[in-house]
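What follows is one structure encoded as structure tokens, with my remarks underneath.
The values are calculated or read from the model by the stated rules, or taken from the named source; none is laboratory data. Keep in mind the model is a prediction, meaning the values are calculated, not measured. Using ideal geometry, Cβ is built from the backbone for each residue, glycine included, and neighbour counts are taken over all protein chains shown.
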Amino acid sequence: MDQKTLLFTGGSGLLGSEMKQLFPDALFPTSSEFNVTNFAQMDDYVLKNGNIKTIFHAAAFTSPPKTDENPVAALEANIIGTANVVKVCAKHSIKLIYVCTDYVFKGDKGNYKEDDPVLPVNKYAWSKLGGECAVRLYDNSIIIRTTFGPNVFPYEKAFVDQWTSRECVKIQAANMAKLIDKDVTGVFHVGGTRKTVFEYATKLSPEKDIKELSINEISFKVPVDTSLNCEKYNNLINN
């Protein structure tokens, strides 16, 4: 695809930084140039860059504990901001790819498929699900439910009783990039195999002495098992 027709939101974030390396010729406007809470500004940017065919929407307020402290910030960025991106895409017939989260699931069983019921357990996940609801109103869209972290595990401790399909951002950016030029729409789960966060952390950063932690020891609520069934994605990419 012509990278110059591709725009990324959230270019300064963890995922956006990796995408810049994969798509060096794509558009990565700053938040002051393309503020998702400012529809008029985004609309004007698209008009001035009239060849945009796809928007990859990764900009988000991503911290569960900070969302508990400041839910309005998550409301503005993740729900209102995403709705604005949908409106821009709808107005200009642009394909939208939205990065959502595995946390939309309750986390009581794991191995979640794309059509399994959603029920977030914290406000951050509710805000991302609110964004997903807006995207679902727009047919020319892909919703990616996924989970990723830095390329080196950043914490001293990791959960032994939370299961995930998380991979480092370098791997997940490459996985998500494979969907960008596919002629598909709908929901896709993108992730690795089921493992505890502790297993993920120690494999990712074997040189670090990472300690065990329980989800019962933290002040904010997280789901127990949001591992993803990625067969739909794997079948698409591998066939």
Take the residues in the stretch 109-144 that are among the charged types (D, E, K, R) and outside any helix (DSSP H, G or I), then tell me which one is nearest to the chain's Cα centre (by Cα).
Glu114
Could you check, for the stretch 204-221, whether at least one of its residues is surrounded by fewer than 21 Cβ atoms within 10 Å (Cβ to Cβ), in contact with a helix residue (DSSP H, G or I) (Cβ under 6 Å, 6 or more places away or on another chain) and modelled with pLDDT under 95?
yes
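Name the residue, out of Phe198, Phe188, Phe153, that is touching a Leu at 6+ places or on another chain (Cβ under 6 Å), surrounded by 14 or more Cβ atoms within 10 Å (Cβ to Cβ), among the aromatic types (Phe, Trp, Tyr) and over 24 Å from Ala73 (Cβ atoms). Give the derivation first.
On the way: Phe198 fails: touching a Leu at 6+ places or on another chain (Cβ under 6 Å); Phe188 fails: touching a Leu at 6+ places or on another chain (Cβ under 6 Å).
The unique qualifying residue is Phe153.
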Residues that are in a helix (DSSP H, G or I), of a type in the set (A, V, I, L, M, F, W, C) and either within 24 Å of Tyr124 (Cβ to Cβ) or more than 21 Å from the chain's Cα centre (by Cα) (or both), drawn from the stretch 205-239
Ile215
Of the residues in the stretch 83-103, those that are of a type in the set (Ser, Thr, Tyr) and closer than 14 Å to Ala125 by Cβ come to Thr101, Tyr103
Looking at Phe198, Phe188, Phe153, which one is among the hydrophobic types (A, V, I, L, M, F, W, C), over 24 Å from Asn238 (Cβ atoms) and either in a helix (DSSP H, G or I) or touching a strand residue (DSSP E or B) at 6+ places or on another chain (Cβ under 7 Å) (or both)?
Phe198
Some residue of the stretch 25-38 being under 19 Å from Asn175 (Cβ atoms), modelled with pLDDT of 95 or more and more than 16 Å from the chain's Cα centre (by Cα):
yes
